[in-house]
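Visitor: Below you'll find the structure I mean.
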Amino acid sequence: MSTTTANPPPASSPPPKAHENYLNANYGIRSWLLTTDHKRIALLYLVSVTIFFAMGGFFAMLIRLQLLTPEGFLVGPDTYNRLFTMHGVMMIFFFLIPSIPAVLGNFLIPLMIGAKDLAFPKLNLLSWYIFNIGALFTVYAIVTGGVDTGWTFYTPYSSIYSNSQVSAAVIGIFITGFSSILTGLNFVVTIHTMRAPGMTWWRLPIFVWTQYATSIIFILGTPVLAITLALVAAERLLHLGIFDPRLGGDPLLFQHLFWFYSHPAVYIMILPAMGVTTEIIATFARKNLYGYKAVAMASLGIAVIGFLVWAHHMFVAGISIYAAMAFSLLSYLVAIPSAVKVFNWTATLYRGSVSWQTPMLYALGFIGLFVMGGMTGLFLAAIGADVHVHDTYFVVAHFHYIMVGGAVMGYLGGLHYWWPKITGRMYPEMLARAAAIILFVGFNLTFFPQFILGYLGMPRRYATYPPEFQVLNVFSTAGASILGLGYLLPICYFVWSMRYGPKASSNPWPATGLEWQTSSPPPTENFEVTPVVTWEPYDFEHRPDLGLPKPERARPKPLEAPGLELGD
Amino acid sequence: MALIVVAVFFSVLIGVGIFYLSFRYRRRPGHEVGQLVEGSQLLEITWMVIPFIIAMVLFAWGAKLYVTIRQSPSDALDVYVVGKQWMWKIQHTDGRREFNELHVPVNRDIKLTMISEDVIHDFFVPAFRVKMDVLPGRYTTLWFRPTKTGRYHLFCSQYCGTNHSEMGGWVDVMEPSQYQAWLSGGSNSESPEQAGQRLFTSLACVSCHGDLSGSGPGPRAPSLRGLYGSMVKLSDGRTVLADDAYLRESVLDPGAKIVAGYDNIMPTFQGVVSEDQLLQLFAYIKSLGNQPAQNASAAPGASATTAAPAAQ
Amino acid sequence: MERTGSLFGHFRDLDQQRETASLGMWVFLMTEVMFFGGMFLAYTVYRWKYHDAFAAASRELNVTMGALNTGVLILSSFTMAMAVWASQMRKRNLLCIFLIATMLLGAAFLTIKGFEYAQKFEHHLVPGPNFNFPGPEAEAQHAEIYFALYFMMTGMHALHMIIGEGMLLILLIYAWKGSFTGDYHAPIENGGLYWHFVDIVWIFLFPLLYLIDLHH
Amino acid sequence: METRSEHAPEHIVPIKTYALICATLLVLTLTTYLVAFLDLGPFNIVVAIVIACIKASLVVLFFMHAAYAPRRTRLVILAGMFWMMLLIGLSLADYMTRALPR
């Protein structure tokens, strides 16, 4: 009943020898730098963001070393301030925000919806160039002395008082913002107009839904950041003192504008990771996703409500009590769609056939860490409690649970999951599982102590600290070194597998998405013939083409109501 | 804390749920594919409504606490704080000034009125669970009531530049008697009121506002006696409360709010007086109290504030 | 992707291609709305806080020039709409004439704007060390914020105009070659959308910046 | 969201409509200019904004063909407007309530 018109080899047969694919279609540096193929552009992004991740990671390592001792182990305060600023700038603007959308999203969206490419392929290439030009400005800022404002660029420190390379860094981020905008635009238009016949909205993989939600944030949020940073640059370079308190300018205006983008930006990082997790869980439980529509709508819900909560970063900044209450209330509303997702993922495991392969380890790790991060978010949204923990290591730990525990786990899980599709090769499974576990352990050891540190009152962005905080800081640094190892491992075996890994079949797991219906790696045109979709998403039961045995019972009764979270 | 309970409960719930389910339904021979499970609308609604209720309860709790934190009690002991890169300048109403250290009596509400001379700082005392940003160009307030004597950390927790991590100090909570001894023990610097009075003369405020010895208006401007905490009628018909923010604006931007019946003739003192001096001027104006009877009922809080130091 | 006729290889048909192009442009314009939205927020906050200073400062602007410029820009929007019409009717010469007219009107706008800017420099109304506003010091400071916003908002608008002029030039060259008078004229339509958007921004800037409090 | 069915044929607006819209816009510009010299108290700004909104709507609907565009396009426009209102509205919610008594 359900086959594609497209597809060559059934899952079990070996991949054809040296078929023409997007990797070997043509060679040479020009064929890469001038490509308009979304898959090659995704790989270009992969190279770029990996470099920036390494830079950000290097800064992180120095930060943790510095904090080994109370009086500062390594560098003076001036250098330390530059370190944490550059760590934040690199990781957020040049790694986390582009990571899943620009690498995995670019690669997968056309494949998942059965299109030959994104709607605007040249624009896509242009985005990559804009991204790198912006990055060049920022790297220039780093090598000519660095920036010491924190990644938040709060005025009036950034606009008047800082003597570091704020302008260059700000211009770099401004430029990079347009790369995000164009990528988001491309995705939205592609998802609207380029879907294959039969690929209705309710048949889209959740990954595409989350990318759609992310793109909305890109489109509507990023321009506000761009103009805000442009105003800071104008104040520094042209004396247009819009935020200048000496003229009567309001320092909170910058914060409003900045967080209007930068809070939803958190959802830019986490939403795609949720999408990845959803794909992985359905595939490795070999079961339809529980509550598909609820999960899809929750993605959009998070994107929209995410725009209404920004001032929860400003509860102690001097906003009015009434505004603080309104924003606190709205912040709690974001918890609802997030909770819906977590419950549905958990319910998906029910009566599944769960295998503990590497991507699944990342996905389960993601859920655990995301729940921790989300639950501590409740502390921060409760305005009364926020007064105490705001701007302390509690916040640092909270957002690392979301961004590293959530977004980076999702990104790595996704890379593993789609690696066979991207490269046509498998990675070493045992090593990869070990790396996933090392990462999980190292991560918790690094950041859990920081919750306690923050609760005890250690403020963030401190180059030196009172001696009573040392023990927990040493724990954190020890965890960070394990975490660092956890990041080195995948880089090594991924590079190894590109050449020596065993060849992957077109659908190794097997999974239900359209992207698995074409060969690995896919041909330049993605599909030999435009596919026609006739099946519902994540339906393993009615897919004989996957080569799986029939489940033992034909017709399960619907899941009964509550009590489910506890088992059955 | 209810929050911790909720957080731990859900973390454990999900954690155990995941582990149990993924172990119970692990892949085994003969169990290669999961079964199709239909969604249940009832279940979806259930797990939307339950977290929503919990969230609203937490919100109400947090909001109530927040209101308490942000609303200073009216009879608190006033202390003025000026933040600058990278030190705290603290001025007590009784005249002592100190740096990076704050001495306060135990079991007494303390209200800090804070302003920054340069960038944004943040006054944070972890032991008291309070924190507030200190902004340039605008007063913010913070209050707490220490209940145990001792020395507590004071941090700046809004990043403010190179020596951000050094911009801290101690809060010394003392027995009232020790506190009195400490107050009188300092160098014999003049009190802020006296300094403010001197400024009032040297900046020639007297020439328009009068010397404030009587209750009548000055030659060209309203008297400031009893101004603080009263309601002022403006020329455009509005009535505003004469608080710190109002006084600050009236000195730095006199044209913004003009008292009914007077002309806009006052020059600005922007760049002429420092933040410290402004606070001294206000201390002087406050020390003149609310003598005129017609204002006493308008601002009971303010009269109590000014009365408090005198009582000690 | 190869191109067959006016259809790019990754589209199924011309309809899909046209819809995609149009949707893409509209989405882009919404990002522009948010871009200017940030400045409108700053403007609203400060105008609310410092109304009198803003009123006094806005009286330093040349309202006649502003109104004239509004008219010029509306006319250029009209000629641009006519250019799209000519392209739809496949009249190449008419298309080129309307594009040139639009460019000339755009240039006229920029010239008038340039004169206004020059006046501000002469009157020391450009924020910075040389800013000098007649009036009490506090009002002068708030007026400086007004002029910072004025230059930022009109400057960003002018930048969009300049980009628009460049875009029109490229469209003109292709139009001359006859590229847009067949069944493919998405670039002309999208160029038109952009140009109209820039016009709309000015439609808001004019009353907000020039007409704050003229009845004194 | 039946995007497939939205293959609306290209709509060609008659010249007369364009000319009429252009004339209306010019008249409205003159109106807003003249009204600014009257003292309407707080309503000066209201009138100015209302006229600007009418002008902008005319441009969007007719010059930019939104009146004939598929529903999807109109949704995009509304989303843009809505989000800008969110930005300005919620920020002002802070500014407007700061001075309120507690």
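Visitor: Nearest 20 debye, what's the magnitude of the dipole of chain D about its Cα centre given +1 on Lys and Arg Cβ and -1 on Asp and Glu Cβ?
Guide: Taking the Cα centre of chain D as origin, the dipole is about 140 debye.
Visitor: Please list the three semi-axes, largest first and in whole Å, of the ellipsoid equivalent to the protein assembly as shown, using sqrt of 5 times the eigenvalues of its alpha carbon gyration tensor.
Guide: Ellipsoid semi-axes (Å, largest first): 54, 41, 25.
Visitor: Also, I was wondering about something else. Give the residue from A:THR376, A:ALA324, A:THR512 lying farthest towards the positive end of the charge dipole for the protein assembly as shown; charges sit on Cβ (+1 for Lys and Arg, -1 for Asp and Glu) and the dipole is referred to the Cα centre.
Guide: The Cα lying farthest towards the positive end belongs to A:THR512.
Visitor: Run the dipole for the protein assembly as shown about the Cα centre, Lys and Arg Cβ at +1, Asp and Glu Cβ at -1, nothing else charged, and hand back the magnitude in debye, nearest 20.
Guide: 2640
Visitor: Working from the alpha-carbon coordinates of region C:60-216, get Rg over Rh, Rh being the Kirkwood radius.
Guide: Computed over Cα atoms, the ratio is 1.10.
Visitor: Which one of C:HIS142, C:PHE109, C:PRO207 has its Cα pushed farthest toward the positive end of the charge dipole of region C:109-216, where Lys and Arg give +1 and Asp and Glu give -1 at the Cβ?
Guide: C:PHE109
Visitor: Right, next: If you take the Cα atoms of region B:77-185, find Rg, then find the Kirkwood Rh from the mean of 1/r over all pairs, what is Rg/Rh? List each step's numbers first, then the result.
Guide: Values: Rg = 13.0 Å, Rh = 13.7 Å.
Across region B:77-185, the Cα-based Rg/Rh ratio is 0.95.
Visitor: Still on this structure, I have one more. In sequence order, what are the phi-derived ³J(HN,Hα) couplings for region A:421-436 according to the Karplus relation 6.51 cos²θ - 1.76 cosθ + 1.60 with θ = phi - 60°, rounded to whole Hz, with x for glycine and proline?
Guide: 6, 5, 10, x, 10, 9, 9, x, 4, 5, 4, 5, 5, 4, 4, 4
Visitor: Turning to a different aspect of this structure: What is the set of long-range amide H partners of B:ARG26 at a cut-off below 5 Å, with H atoms built 1.01 Å from backbone N?
Guide: Under 5 Å from the amide H of B:ARG26 lie the amide H atoms of A:VAL354, each far enough along the sequence or on another chain.
Visitor: Net charge near B:LYS257, counting Lys/Arg +1 and Asp/Glu -1 over other residues with Cβ under 15 Å of its Cβ?
Guide: Here the charged neighbours net out to -4.
Visitor: Just tell me which lysines come within less than 17 Å, Cα to Cα, of C:LYS177; anything on the same chain fewer than 8 places away is out.
Guide: Cα-Cα hits under 17 Å: C:LYS91.
Visitor: Output the relative contact order of chain A, whole-number percent, from Cα pairs under 8 angstrom with separation of 6+ residues. Spell out each step's value before the answer.
Guide: Details: 954 pairs, mean separation 120.2, N = 568.
Reported relative contact order: 21 percent.
Visitor: Can you tell me the relative contact order of region A:45-129? Whole percent, Cα pairs under 8 Å, sequence separation 6 or more.
Guide: 34
Visitor: Per residue of C:146-158, count partner chain C-beta atoms within 10 Å of its C-beta, then hand back the mean as an integer.
Guide: Partner-chain Cβ atoms within 10 Å, mean over residues of C:146-158: 3.
Visitor: Further question on the same structure: Mind jotting down a quarter of the surface of the convex hull over the alpha carbons of region A:424-527, in square nanometres, one decimal?
Guide: On the way: hull surface 39.3 nm².
The Cα convex hull of region A:424-527, projected and averaged over all directions, gives 9.8 nm².
Visitor: What value, in deg cm²/dmol to 500, does the helix sum -39500 (n - 2.57) over DSSP H runs of n ≥ 4 give at 222 nm once divided by the residues of chain A?
Guide: -20000 deg cm²/dmol
Visitor: Tally Lys/Arg at +1 and Asp/Glu at -1 over every other residue whose Cβ is under 12 Å from the Cβ of A:ALA285; what's the total?
Guide: Charge balance near A:ALA285 sits at +4.
Visitor: May I pose another question? Grab the DSSP H runs of chain B that are 4 residues or longer, score each as -39,500 (n - 2.57), total them, divide by all residues and round the 222 nm result to the nearest 500 deg cm²/dmol.
Guide: It lands at -12000 deg cm²/dmol.
Visitor: Can you list the residues, at least 5 places off or on another chain, whose amide H is less than 5 Å from the amide H of B:TRP88, using H built in the peptide plane?
Guide: For B:TRP88, whose amide H was placed from the backbone, the distant partners under 5 Å are B:ASN100.
Visitor: For a quick check: with amide H placed at 1.01 Å from N, whose amide H comes under 5 Å from A:MET199's, ignoring anything fewer than 5 positions away on the same chain?
Guide: A:VAL533
Visitor: Enter the angle in degrees (range 0 to 90, nearest 10) between the Cα long axis of helix A:166-193 and the first principal axis of the Cα atoms of chain A, meaning the one along which they spread out most.
Guide: 30
Visitor: Under the Kirkwood approximation for Rh and a Cα-based Rg, what ratio Rg/Rh is obtained for chain A? Intermediate results must be reported in sequence, preceding the final value.
Guide: Working: Rg = 23.5 Å, Rh = 24.3 Å.
My calculation of the ratio gives 0.97.
Visitor: Can you give the net charge of the other residues whose Cβ lies under 13 Å from the Cβ of B:ALA242, counting K and R as +1 and D and E as -1?
Guide: So the surrounding residues net to +3.
Visitor: Using only the Cα atoms of region A:189-245, construct the convex hull and provide its projected area averaged over every direction, in square nanometres to one decimal.
Guide: 5.7
Visitor: Right, something else. Do you know the relative contact order of region C:1-119, to the nearest whole percent, from alpha carbon pairs under 8 angstrom that are 6+ apart?
Guide: RCO, region C:1-119: 18 percent.
Visitor: Report, as an integer, the average count of C-beta atoms from other chains found within 10 Å of each Cβ along A:187-195.
Guide: Averaged over the peptide's residues, the number is 6.
Visitor: Starting with the highest mean, order A:105-115, B:22-32, B:123-133 by the number of other Cβ atoms within 10 Å, averaged over the residues of each peptide.
Guide: Highest to lowest by the protection proxy: A:105-115, B:123-133, B:22-32.
Visitor: I would also like to ask the following. For chain B, what is the per residue volume of the convex hull drawn over the alpha-carbon atoms, in cubic angstrom?
Guide: Per residue, the Cα convex hull of chain B comes to 216 Å³.
Visitor: Given R₀ = 25 Å, what would the calculated FRET efficiency be for B:VAL206 paired with B:GLN270, taking r from the Cβ atoms and rounding to 0.05? Working shown, then result.
Guide: Details: r = 20 Å, r/R0 = 0.81.
My answer for the efficiency is 0.80.
Visitor: Expressed in nm², what is the orientationally averaged projection area of the convex hull enclosing the Cα positions of region A:267-319?
Guide: The Cα convex hull of region A:267-319, projected and averaged over all directions, gives 4.5 nm².
Visitor: For peptide C:60-69, compute the average count of partner chain beta-carbon atoms within 10 Å of each residue's beta-carbon.
Guide: So the per-residue partner count for this stretch is 1.
Visitor: Shifting gears a bit: For region B:159-270, what's the radius of gyration and Dmax over Cα atoms, in angstrom?
Guide: For region B:159-270, the Cα radius of gyration and maximum Cα-Cα distance read 19.1, 51 Å.
Visitor: Is region D:13-68 best put as rounded, prolate or oblate by its Cα gyration tensor, with a ≥ b ≥ c the root eigenvalues, rounded for a/c under 1.5, and otherwise prolate when a/b is larger than b/c, oblate when not?
Guide: The shape class here is oblate.
Visitor: On to the next question. Under 18 Å between alpha carbons, and skipping anything fewer than 8 positions from A:LYS503 in its own chain: which lysines qualify?
Guide: A:LYS17, A:LYS421
Visitor: Sticking with this structure for a sec: Could you state the per residue volume, in Å³, of the convex hull enclosing the Cα atoms of chain D?
Guide: Working: hull volume 11.1 nm³, N = 102.
Measuring per residue, one finds 109 Å³ for the Cα hull of chain D.
Read-outs: derived from the displayed coordinates by stated rules, not from any lab. Here the structure is a predicted model, which means the values were calculated and not measured. Please note: Cβ atoms are built from the backbone with ideal geometry, for glycine as well, and neighbour counts cover all protein chains shown.
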